[in-house]
1. For chain B, which longest stretch is free of loop sites, where a loop site is one of the GluC sites (Glu not before Pro) that DSSP puts outside H, G, I, E and B and that has at most 16 other Cβ atoms within 10 Å?
2. Using alpha-carbon pairs under 8 Å, 6+ residues apart, how would you state the relative contact order of chain B in percent?
3. Using only alpha carbon pairs under 8 Å that are at least six residues apart, calculate the relative contact order of segment A:95-176 and give it in whole percent.
4. Have a look at A:54, B:230, B:119 and report the one farthest towards the positive end of the charge dipole of the protein assembly as shown, computed about the Cα centre with Cβ charges (Lys/Arg +1, Asp/Glu -1).
5. Where in chain B is the longest stretch that carries no trypsin sites (Lys or Arg not before Pro) classed as loop by DSSP and with at most 13 other Cβ atoms within 10 Å?
6. Report the Cα centroid-to-centroid distance between segment B:51-73 and segment B:262-278 in angstrom, as an integer.
7. In segment A:1-102, which trypsin sites (Lys or Arg not before Pro) are in a loop and have at most 15 other Cβ atoms within 10 Å, using DSSP for the loop call?
8. Starting from the Cα of residue A:192, move 7 Å in the Cα-to-Cβ direction to define the label point; list residues of segment A:83-119 whose amide nitrogen is under 14 Å from there.
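What follows is calculated from the coordinates using simple rules that are stated; it is not laboratory data. All values reported here derive from a predicted model rather than from experimental measurement. When we count neighbours, we look across all protein chains shown, and the Cβ atoms used for this are built from the backbone with ideal geometry, even at glycine.
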Amino acid sequence: MNCIVLDTATEWVALGVYAHGKLWQADAHIKQGHAEYTLPQLRQLLEQAKLSLAEIEVIVVGNGPGAFTGLRIGCGLAQGLAFAHDLPLMPVSTLAAVAASTDADYPLVAMDARMGEVYFAAYQADAWQQPIVSPQLITPAQLPALPAQAWTGCGTAWSAYPEPLQHALQDHQLTISPVAVPTSAGLLRLALSGQFSTVSAEQLSLLYLRDKVALKTHERR
Amino acid sequence: MLVLGIESSCDETGVALYDTEHGLLSHALHTQMAMHAEYGGVVPELASRDHIRRVLPLTRECLQQAQKTLADLDAIAYTAGPGLGGALLVGSAIANGLAFGLDITVIAVHHLEGHLLSPMLADPRPEFPFVALLVSGGHTQLMAVHGIGQYETLGETLDDAAGEAFDKTAKLLGLPYPGGPALSKLAEQGDPNRFSLPRPMLKSSHLDMSFSGLKTAVLTLVRQQEQHGAIDDTTRADICRAFQDAVVDVLLHKSAAALKQSGLRRLVVAGGVGANRQLREALNQFAAKQHIDVFYPPLSLCTDNGAMIALAGAMRLQYARPAAGFSVFPRWELASLPRLNPPQDAA
Ligand SMILES: Nc1ncnc2c1ncn2[C@@H]1O[C@H](COP(=O)(O)OP(=O)(O)OP(=O)(O)O)[C@@H](O)[C@H]1O
Ligand SMILES: [Mg+2]
């Protein structure tokens, strides 16, 4: 399955081209530069892999949650690319992608969502579509109840909010992974799991989790 | 050459197809007005969230209307600024992704150049040079336009834009969002002789304008009237009329002065406030008397739309480049745009 993998919901761009069983990747920490970075790198990857867009079968795209603007850059690019060739998109959760970027059996994903909150999810590896805790927006001090497992913490929140998170998990076995963001290898692992279905470019929906972004007039009184 | 235009700078998603030979083939628009109304103004994050849902369905609609396919496209023009950063990025990302996929070029369009050139979507279309009165929600400028990218600012508002003044005054009068069109509708029933509001900078020799004082004057007038009890519909309409008379008067006088100062004989009006009927009537009357030709965009293309972006892109095909890394420009001076190179003679 030749595919492009892309996630732009963090300060990193996870970008790869998977062709003939090999992953060509250009993951990079670019902070705000997603728009400048992605297409030129994609062009290079396609050249390296000696692949034309017409030979791509699916575009795997992280659909959040994450930084809103960055997220939309990747999703917008993926929509345009897919629409051009009538290609299917395979939306995968950015949190699942972080989890799949570790080699942990029980990854516990916590991403810094700013404003004192985290995007949180818990997985059993390779059961990506049946998360133990589904992606949600919570404060680090109020983690949902978790079954007893040997958890591996991953994601940016473990360094952003170390105390409240570790405190909330003090009764659990916990190791912290250095993996903080999704990688192209993690995205590919999700895609190859066969657990995710595809949609058309127009059907792509984004997962923001933070839905209250402003007050309505009557709420401001 | 067939150009797809994508506009997403504020609260309207617009897509259009413009053919350099046959003109505008189709355009499709989704306005988010109803969504933002509950918030009393545009919420940038919600605007972006909506744009990304709309661009592709609107694109499909445009292609269908024009009976074209993606393979027929030669270039994609998109609004790169000025406007809301996050909203601009949505249209820019989809445009660049699509152009990359189709292996065609992109043109980053200046939103105000789109407005400025939009009268060229009407028939008859203006020839260069002309004076442009650009009156939108964010801008109020008079310019001498000698050609594409040859924009000389003659005067501009020193504070609020005319559209902004309409909207703020409407809000102050308790009119439903978005206020401009609502205020102007009420004004048509108002008595022009009951109240009189100041015309800021009308007599000054330069071409700059100011509209924020007018809003304050309305507030003072409202307070005065409220001393006789709650304001009734008649009084509200009369205040609207006085406000609109003042704005139209200023825009008319400054436009006339700009024509005189520049010696030009053509006036082009663009931007949302250009839809205002009273403004059009005043300008038309003046123009008929002075033998000036006035041009407006089609009424439906005064506010934001994809057609003006496709058109501006088509005019700037010589600046098209392959889809690649891109940036947006939330603030962007119109005067900084490069002029068009004269056509190269075939060797
Ligand atoms: N009939 C009308 N009379 C007066 N004002 C109007 C009328 N119709 C629209 N407007 C005003 O036009 C403005 C919208 O125009 P437009 O879409 O060109 O501006 P914008 O895109 O918000 O601003 P900009 O293009 O400067 O960034 C609003 O302020 C609106 O109130
Ligand atoms: Mg506009």
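1. B:189-332
2. Computed value for chain B: 26 percent relative contact order.
3. 30 percent
4. After comparing all options, I get B:230.
5. The longest such stretch corresponds to B:1-193.
6. A separation of 31 Å, based on Cα centres.
7. Answer by residue number: A:31, A:50.
8. Only A:100-103 fall inside the zone, counting backbone N under 14 Å.
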